[in-house]
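Report on the following structure.
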Amino acid sequence: MLRPGEIGELTVRFDPTAGRAPQRVPLFLRGVGLPPSQSAVTVYFDPTTNESKSVNNN
């Protein structure tokens with residue numbers, strides 16, 4: 001849990017032997033005092049390069 005003003009890091013991993021990884025994963029941040037539409041972040045995965053990027057949805 002982070003305190004107000006702190007910065008954290010979230011690591012998302014998938015086991016390639018368990019099957020196909022999703023191409024995107026929506027994350028909803030709780031406790032930021034915003035409605036879900038403004039506290040959502042989507043992580044996009046590129047299965048060909050195994051790289052990811054995140055996008056703030058608001």
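Evaluate segment 2-16: report whether one residue or more is modelled with pLDDT under 75 and open to solvent by less than 70 Å² (accessible area, probe 1.4 Å).
yes
Being assigned to a loop (DSSP other than H, G, I, E, B) and under 10 Å from the mean Cα position of the chain (by Cα) is the filter here; which residues of segment 10-46 pass it?
Correct list: L10, T11, V12, L29.
Please pick out the residue among Q23, Q38 that is modelled with pLDDT of 75 or more and open to solvent by 90 Å² or more (accessible area, probe 1.4 Å).
Q23
The values are calculated or read from the model by the stated rules, or taken from the named source; none is laboratory data. Everything numeric in this text was worked out from a predicted model, so none of it was measured. Accessible surface is based on the protein model in full, side chains and every heavy atom, while ligands, DNA and RNA are left aside. Shrake-Rupley method; radii C 1.70, N 1.55, O 1.52, S 1.80 Å.
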